Every structure is written in C-alpha cells, then in structure tokens.
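Q: My structure is below; once you've seen it, I'll send some questions.
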Amino acid sequence: MPVIHVAEKGIEEMVRHSQRESPREACGILAGKLDDDSVRIKKVYDCENVHPNPNGEYFLKPEDQLRIFLEIEEQEDMDLVGFYHSHPRGPDSPSLIDSSKYYWPGYPMAIVSLSPEPSVTFWTYQKDRFHPVDVVRERF
C-alpha cells in the first residue's frame, strides 16, 4: 500500500465531524490523488450515518455517497481515495464489525478514535484483514 499524505486540516476536519456526531459514529469520504507510490488526501466529505444502530456501526447515506462520487468524478484533479469513520469510545483500530462489513477493499479507511484523546489512524483491507498504513501529515 502506498504512503498516505494528508493535510493537518483534513485530520482536524475528520476529528471535528466525529466530535459533533458523538456518541454516534461519524462517517465520510476522502478525495484526492492516487499514484503508484502515494495517496494524497485533498478533501474530506462528511456524510450522514443512517445505520439503525449509529452508536456502534455506520452506513453512509446513499444520497450523500452518490452526490459526492459524482462531484469527485467531475473534477479532473480528484479521485476517490478512501473513507473514514469514527470510534467515539475507541479503539483506534478496526473492530470486528469493520472487518466483517468493509465494502471497499483496496481503498484506505481512516478511523477517528475520540478516546482517550482524538487520534486518526489509516488502514487498508487486504487478504481478509486490515493492515496499518504509513501516514505523512503535511501542511499543504
């Protein structure tokens, strides 16, 4: 998996969205640029979590997902590069539910943990399990 480059602003946006939604899980889409050796996250899109059990699981609102996918597709310099969701009470790693219901293998997933302190980790799903991804936090 390539290294992920993300601006501090993007990390802060995911954390703020997660704090606003807590104790519900927050969720969203990440856009940017993909190349052979890196993923550069340029934009964070908040989505509504419409899961019937939003305090323990997430499901992106289909209308949000479609609108965002179309917006990304319309921009020449943007690609779909990943997804994020929060674990308001921790941990900062994928849960068993995440492993059993991850629908986008090959796309990185950020997990925003709010406990004990806010943190954001990135993961990729390959060979039936999640693997941590190296992240470079930048000011671009």
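Q: Please rank His85, His5, His131, fewest neighbouring Cβ atoms within 10 Å first, as an exposure proxy.
A: His131, His5, His85
Q: Moving to a separate point now. What is the magnitude of the charge dipole of the chain about its Cα centre, with +1 placed on the Cβ of each Lys and Arg, -1 on the Cβ of each Asp and Glu, and no other charges, expressed in debye to the nearest 20? List each step's numbers first, then the result.
A: On the way: 16 positive and 25 negative charges, 87 e Å.
About 420 debye.
Q: How do Cys27, Cys47 line up, fewest other C-beta atoms within 10 Å first?
A: Cys47, Cys27
Q: Taking 0.36 nm per intervening residue step and subtracting the Cα-Cα distance, what contour gain separates Glu12 from Ser115 on full extension?
A: On the way: separation 103, 0.36 × 103 = 37.08 nm, distance 1.54 nm.
Stretched out fully, the Glu12 to Ser115 stretch lengthens by 35.5 nm.
Q: Further question: Enumerate lysine pairs in the chain that are 8 or more residues apart or on different chains, then count those whose Cα atoms are under 15 Å apart.
A: The number of close lysine pairs in the chain is 5.
Q: How would you rank 98-106, 75-83, highest first, on the average number of other Cβ atoms within 10 Å across their residues? Spell out each step's value before the answer.
A: On the way: 98-106: 12.1, 75-83: 15.7.
Taking the mean over residues of other Cβ atoms within 10 Å, the ranking is 75-83, 98-106.
Q: Which ordering of Ile41, Ile4, Ile72 is given by a fewest-first count of other beta-carbon atoms within 10 Å?
A: In increasing order of surrounding Cβ atoms, one gets Ile72, Ile4, Ile41.
Q: Next question. Using modelled amide H (1.01 Å from N, peptide plane; none on Pro or chain starts), what sits under 5 Å from the amide H of His51, excluding residues fewer than 5 places away?
A: HN-HN under 5 Å from His51: Phe59.
Q: Have a look at the chain and give its Rg and Dmax from the Cα atoms, expressed in angstrom.
A: 13.8, 39
Read-outs: derived from the displayed coordinates by stated rules, not from any lab. Everything quoted here is computed from the prediction, not taken from an experiment. As a convention, Cβ positions derive from the backbone with ideal geometry for all residues, glycine included, and neighbour counts pool all protein chains shown.
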